[in-house]
1. Would you point out which residue out of 297, 283, 228 is under 20 Å from residue 160 (Cβ atoms), outside any loop (DSSP other than H, G, I, E, B) and either in contact (Cβ under 8 Å) with a residue 40 or more places away in the chain or in the same structural domain as residue 394 (by TED's automatic domain parsing) (or both)?
2. From the list 92, 122, 129, 103, exactly one residue is surrounded by fewer than 16 Cβ atoms within 10 Å (Cβ to Cβ) and of a type outside the set (D, E, K, R). Which is it?
3. Got a sec? Which of 144, 138, 159 is among the small types (Gly, Ala, Ser), at pLDDT 95 or above and touching a Leu at 6+ places or on another chain (Cβ under 7 Å)?
4. Restricting attention to region 31-70, which residues are over 22 Å from residue 314 (Cβ atoms), of a type in the set (A, V, I, L, M) and under 21 Å from the mean Cα position of the chain (by Cα)?
5. Quick check, is residue 274 assigned to a helix (DSSP H, G or I), under 19 Å from residue 306 (Cβ atoms) and among the basic types (Lys, Arg)?
6. Considering only residues that are surrounded by fewer than 18 Cβ atoms within 10 Å (Cβ to Cβ) and closer than 17 Å to residue 406 by Cβ, which ones fall in region 233-266?
7. Under 6 Å between Cβ atoms, which residue pairs at least 6 apart in sequence (or on different chains) link something in region 241-257 that is in a helix (DSSP H, G or I) with a partner that is crowded, with 20+ Cβ neighbours inside 10 Å and modelled with pLDDT under 95?
Amino acid sequence: MPNLNRRQFAGLAAAGFASAVARPAAAQVGQMNFMSFTFAEEPNKPFVVNMLDAFKNASGVTVEPIATAWGDTQRNVMLRQRSRTLPDSVQLQDRWLPSMAALPEIVDLDALIGRPQIEAALAPTALGLGRVGNKQVGIPLISGSVGMVANSEVLAKAGVARIPETLAEFRAALVAVRDRVPNSVPFAMATKNPNSIPLDVLLIYWAFGARMIDDAGEVHVATPEGKAAMDFIAGLMKDRLVAPEIDRPDARRLFAQGNAAFYFDPPVARTFARSFSGRGPAADAFVVPMKTPVLKAGDVPRSVEWGHVVTLFNSPANRDRNGPGAKWIAHILSDAVQTTFPLQVGGLPVTKSGRAAPVVQNDPFLKAWAEATVATGKHEIGIWDNSPELSTILSEETQAALLGQKSANAAADSMQSRMKASMAKRG
């Protein structure tokens, strides 16, 4: 690898990945572009710039960043696909990948790079993030899970001595916070925005042993377990343990400022707590990753699979193993990136060597997060190509139950029929 930074690729060389994609090419200087929602986030923009600059220094390839808001990324990709102006590379949320995999322009990375090399480099729990069916159409950039975090300072004020493990203990802790911490929202559950509500409801459904939509596309939201979950959710609002009009950004601020005891988030929770509390790294002391409460002792705590993936689309940059696109993938999976970028934006490395690095192993928060992540599952709403409609249905019916406009049973029944119709339309 005479023209590549050996230190950057040291972690991959042992796995055989770097040697497969970083062979000397006739033309070492190239150019490509990268559409990124992290680049559009002002606090995180410098981290993307540093990653791109390091890649240029290592490979001679210039990458032009294209900013896109997280919520607009899927629409922007589809618009560019129709106008035949797809970027060479795009950053996606993992749950968007199944719908993007249908685009004929997406690059099969097994064919471009080789499955053995990919599997040798990636941590086993990260492999599924970029795979749809039996095809590798994305490479994970950052990984983790969506689980629950607790504010230990708020719990101390409420007299809660231990992190709750069951839903009964969780509810008792919420009551204590409500009664002893003035002006608090005990559980900063998402109660507005169809982009946020489904995730929180899904995790509570799983705690009750319920499903929303199974792998075959069958809807199950109105089973006895699902109705019990919806009844639990409605009861939280009735007893003032959650609040209306809470979105994920609101939850992060309430939590960081000592006005919420619990909420659901990926590992970025620590980053937001540091920022919104104004305490920087000192805020780490009160951010406690915890296992999602279960219905009864012995049940398996669940969390939602989460990560960012990078895809390639057909272009001159992505046509062979010596091209800029293959080198870009190698750079993303290098130790230089995986021991910096994921940690900077709030997540875990995706490679075996990255997770084994001292900077990760010696981080108490990341170790605690990994221990709290017992079993992950895919987002049962977000993976479908009609997910916007499904999310709207779920949010409307959940809000109706929360606000007392419908009983929990009626809301679940209505959600069932509406979701079934939506899934039927997609064939």
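1. Details: 297 fails: outside any loop (DSSP other than H, G, I, E, B); 228 fails: under 20 Å from residue 160 (Cβ atoms).
That would be 283, the only listed residue that is under 20 Å from residue 160 (Cβ atoms), outside any loop (DSSP other than H, G, I, E, B) and either in contact (Cβ under 8 Å) with a residue 40 or more places away in the chain or in the same structural domain as residue 394 (by TED's automatic domain parsing) (or both).
2. It is 103.
3. Answer to the check: 138.
4. Of everything in region 31-70, those that are over 22 Å from residue 314 (Cβ atoms), of a type in the set (A, V, I, L, M) and under 21 Å from the mean Cα position of the chain (by Cα) turn out to be 40, 48, 51, 67, 69.
5. Criteria not met by residue 274.
6. Result: 235, 238, 244.
7. These pairs meet every condition: 248/196; 252/272; 256/273.
The values are calculated or read from the model by the stated rules, or taken from the named source; none is laboratory data. Computed from a predicted model, the values in this text were never measured in an experiment. Because the Cβ atoms are built from the backbone with ideal geometry, glycine has one as well, and the counts that use them run over all protein chains shown.
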